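Report on the structure given below.
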Amino acid sequence: MNYLKRTKNWIILFLLLSSANTQASPLTGNATVASAPTAIGADTNPAFAAMLGRSEAGFSLAPFTSEVYDLRYPGYETVEKNSNGIDFASILGAKGGFVYKVNRRFGLGITSFVPPVPITVKVKDLPLFVLGQKNSIDAEINAKPKGGVTMVMGFEVSPIFALGFKLMIRSISADIIATESGKSQEAATISYEDTIFDVSTGILFHPSEKFSLGASVSIFSVAKQGIQVNVAGLDMSGEGGGLKTQSNLNVALSGLILGVGIRPTPQLLLLTDFEYRRGPRGQKDISLSELREKEKDAYDSFHFRGGVEIAVSASKKLLFGGQYEPSNLGPGGQGDGSKTGFGPLQAMLVYAGQAELMPYWAVAGGMSFDFGKLPDSKSLEEREESKKGKKKSRKREREREDPIHKWNITFGLRYQKASLGIDDDGDQPAAYAQTKISLPLMCSMRF
């Protein structure tokens, strides 16, 4: 019987990890680095791997979405996408996490895994603008992941302080074959390669039940990206008759997230995250408005996230949150010495559900339920009894209790609004708008 139980747990763990990238805590505005430690949150702050009371696995996704996406280019009518129902892009890109507690102070885990399995996605009636001309295309995206994994480890330095590290490596290539809508003749092919290696560290400082401070820093990252574009009927320079670009970036301290958690009462938790991202300066891209290689118009960006947790009971919480996510890619320009900005390639990815339109703001709300008692867990009454008679020293030692619940399910409603306008002097003048209503779902299992 014990063998069957262990086998069942590992099967569930595999299913949780097999859908391993979305958002860690969308219902609290994704304010994560100073929140209560979770396996999913360890991807943002790897110090969580140390502070978890038990081994844990979980996932976060938004399986149902209603979306309106508008694109308008000068001289053309607005292209509108309306979609409602199951969001397969979110399901396939769900964010997962698993942390195994080696002992009370040390944890190891995996927060994403990309198997080397080819994937083919077909999208119809995509709007693509090349040299200022509108084209309606059907695209076949053949993604060929070479593999990828994100690993985390955390160590509890003291009862109130933990340190963690994250290592992420991912390599993927993709071929996009575009044909005129309703026809079989190729209009364009786009080949894409992307390899990322990143080392990050995180800390969690929790001196009392009323205050916590978290931080996550990308120490060093290496990115290699290549794009090749071929357009039928056009004489293009480059190897193989196509236009090709290659970027190699080595960046130190490319990002920082600083978060604070404040608990003014036992039932109320306030969370805030501030993130700084360094723009990918020096990275090259293909401008479809001029069909030539140009440097990206990259900027540093500052992001804000905030959330509230209200404990209704020992096993139920109300969650509210909001966030603002600016873009670090500018409009670009035209002519000699100009840069490429947000353009048709990025717009096509958003249209296909493979990227977010930025800048955007979002608000959300929902509920969280804990259930299923863990074996050998103390009841709340037993915990209170064990605390009676204990002396409180000036240097309060944080007692990390075993959680009493095995399962957590969180769900709610999220509203997201994005708009982007590029003036006539930008690389590709256009106006974009996106409204999303989604139903986030998160589930975790402790063992």
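Please treat every number below as a calculation from the coordinates, not as lab data. This structure is a prediction, so every number in the text was calculated from the model and none was measured. Every residue, glycine as well, gets a Cβ built from its backbone with ideal geometry; the counts of neighbours run over all protein chains shown.
Over 13 Å, how big is the tail of the calculated P(r) for region 135-205, in percent of all Cα pairs?
Result: 73 percent of Cα pairs exceed 13 Å.
Give me the percent relative contact order of region 148-305, please, defined on Cα pairs under 8 angstrom at least 6 residues apart.
Over region 148-305, the number comes to 16 percent.
Of Lys210/Lys417; Lys224/Lys244; Lys134/Lys339; Lys95/Lys294; Lys316/Lys417, which pairs sit farther than 25 Å apart, going by alpha carbon to alpha carbon?
In this structure, Lys210/Lys417; Lys95/Lys294; Lys316/Lys417 lie more than 25 Å apart at Cα.
Loop only by DSSP, 10 or fewer other Cβ within 10 Å of the Cβ. Give me the trypsin sites (Lys or Arg not before Pro) in region 139-244 that pass, ordered by residue number.
Passing sites in region 139-244 are Lys183.
Each residue of region 53-64 in order: what ³J(HN,Hα) in whole Hz does its phi give by Karplus 6.51 cos²θ - 1.76 cosθ + 1.60, θ = phi - 60°, with x for Gly and Pro?
x, 9, 4, 8, 9, x, 8, 9, 8, 10, x, 10
Treat each spin label as a single point 7 Å out from the Cα along the C-beta direction, and report the Asp70 to Ile86 distance in nm.
3.1
Under a 5 Å amide H to amide H cut-off, with H placed in plane at 1.01 Å, what residues pair with Phe64 once short-range neighbours are removed?
Excluding prolines and chain starts, which carry no amide H, the hits are Asp87, Leu439.
On alpha-carbon atoms, Rg over Rh for region 73-199 using Kirkwood Rh?
1.16
If you split all Cα-Cα distances of region 298-378 into 10 Å bins from zero, what percentages do you get per bin, shortest first?
All Cα pairs, binned at 10 Å, distribute as 14, 26, 24, 17, 12, 5, 2 percent.
Listed highest first by mean packing, meaning other Cβ atoms within 10 Å per residue, what order do 294-301, 425-432 come in?
Order by mean packing, descending: 425-432, 294-301.
Which of the GluC sites (Glu not before Pro) found in region 51-85 are loop residues per DSSP with 14 or fewer other Cβ atoms within 10 Å of their Cβ?
Qualifying residues, ordered by number: Glu77.
In whole Hz and in residue order, list the ³J(HN,Hα) couplings for region 140-147 that follow from phi through the Karplus curve 6.51 cos²θ - 1.76 cosθ + 1.60, θ = phi - 60°; x for Gly and Pro.
Each residue's phi maps through the Karplus curve to give 10, 9, 9, 8, 10, x, 8, x Hz.
Work out how much length Lys183 to Leu349 would gain on full extension: take 0.36 nm times their residue separation and subtract the Cα-Cα distance, in nm to one decimal.
My answer for the length gained is 57.6 nm.
What does the charge count near Asp194 come to, summing +1 for each Lys or Arg and -1 for each Asp or Glu among other residues with Cβ under 15 Å from its Cβ?
Charge balance in the 15 Å sphere: +3.
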